[in-house]
Amino acid sequence: MSNKNKKEIDWIVHYVCGGDDKLHFKPHLANIHTHGMRELYNHPEFQIVLTVEYKYALYILNKLGCMVQSGRRFKPGEKVSGIGICDLPLYEATDNGKPVLRVIIPDKQFLLPDDERCGFPYNLQYLSTEDLME
C-alpha cells in the first residue's frame with residue numbers, strides 16, 4: 001500500500017508541564033497545545049490542560065489536526081466523536097492572548113467540569129490558561 005496520498009503532520013505539539021523549572025503548574029495540570037493550526041489552516045490551535053500521558057495527548061491533538069488538515073472546521077461548544085470512547089467537547093479559551101479550542105476530557109465517570117460531581121483534576125479544565133499555574 002502506498003503512502004502517496006497520506007498527508008504529513010505539519011504542525012507541532014508543545015507539551016508544557018510542571019517539570020520545567022520556570023513554570024509551576026498546579027498539581028495534575030499542564031499546557032499541551034498545537035502550533036501551526038492558525039498559520040497553516042486559519043484555524044484555532046488546540047489545547048489540553050490535564051497532565052495526561054504524552055502519547056495520549058499526541059493522539060488526540062494529532063487526530064484533531066488531521067481532521068482540520070482534511071478541511072474540517074471546529075467551533076467552541078462542539079463535541080468531537082471518533083477520537084476516544086466518548087465525545088470530547090471543545091471549550092473556548094485563550095493562550096497567550098490568542099483563542100484556542102481546549103479539549104475537555106471527561107473524568108472516569110464521564111462527567112465534565114460543569115457537573116459538580118466531576119472529579120479532581122478534571123473539574124479544573126475550565127480554568128484560564130494563566131490560572132493553571134501556581
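Label separation (M67 vs I85): 1.9 nm, computed from points 7 Å beyond Cα along the C-beta direction. Can you give the net charge of the other residues whose Cβ lies under 9 Å from the Cβ of L90, counting K and R as +1 and D and E as -1? Result for the local shell: +1. Which translational diffusion coefficient, to the nearest whole µm²/s, is obtained for the chain from the Stokes-Einstein equation, given a Kirkwood hydrodynamic radius over C-alpha pairs, 25 °C and 0.890 mPa s? Using the Kirkwood radius from Cα pairs, D works out to 160 µm²/s. Every helix of 4 or more DSSP H residues in the chain counts as -39500 (n - 2.57), and over all residues that averages to -4500 deg cm²/dmol at 222 nm. Amide H contacts of L50 (H built 1.01 Å from N, in plane; Pro and chain starts excluded): A30 sit under 5 Å, all sequence-distant by 5 or more or on other chains. Spatially close Lys pairs in the chain, defined by Cα atoms under 26 Å apart and a spacing of eight or more places or different chains, total 28.
What number in nm² do you get for the stretch 80-128 if you take the convex hull of its Cα atoms and divide its surface by four? Don't jump to the answer; show the numbers that get you there.
Details: hull surface 14.5 nm².
Averaging across all directions leaves 3.6 nm² for the Cα convex hull.
The local environment of L40, defined by Cβ-Cβ distances under 13 Å, has a net charge of -2 under the rule Lys, Arg +1 and Asp, Glu -1.
Normalised by the number of residues in the stretch 69-111, the mean separation of alpha-carbon contacts (under 8 Å, six or more apart) gives a relative contact order of 28 percent. Annotation for the stretch 21-68 versus the stretch 100-119: alpha-carbon center distance of 16 Å.
Relative contact order for the chain using alpha-carbon pairs under 8 Å, separation at least 6, rounded to a whole percent?
On the way: 208 pairs, mean separation 28.3, N = 134.
Once divided by the residue count of the chain, the mean separation gives 21 percent.
Note on the chain: antiparallel DSSP beta bridges, both residues inside, total approximately 85 percent of the bridges counted. Placing +1 on the Cβ of every Lys and Arg and -1 on the Cβ of every Asp and Glu, with no other charges, gives the chain a dipole of roughly 680 debye about its Cα centre. Short-range pairs are left out: with C-alpha atoms under 8 Å and at least six residues apart, the relative contact order of the stretch 80-134 is 24 percent. Using +1 at the C-beta of Lys and Arg and -1 at the C-beta of Asp and Glu, which of H14, N96, L132 has the Cα lying farthest in the positive direction of the dipole of the stretch 10-134? Looking along the dipole axis, the top candidate is H14.
On average, how much area does the Cα convex hull of the stretch 35-84 cover when viewed from any direction, in nm²?
Numbers: hull surface 14.8 nm².
Average of the hull's projected areas for the stretch 35-84 equals 3.7 nm².
Taken together, the values in this text are just the output of simple stated rules run on the coordinates, not laboratory data. Not measured: the values here are computed from a predicted model. So basically every Cβ, Gly included, is an ideal-geometry build from the backbone, and we count neighbours across all protein chains shown.
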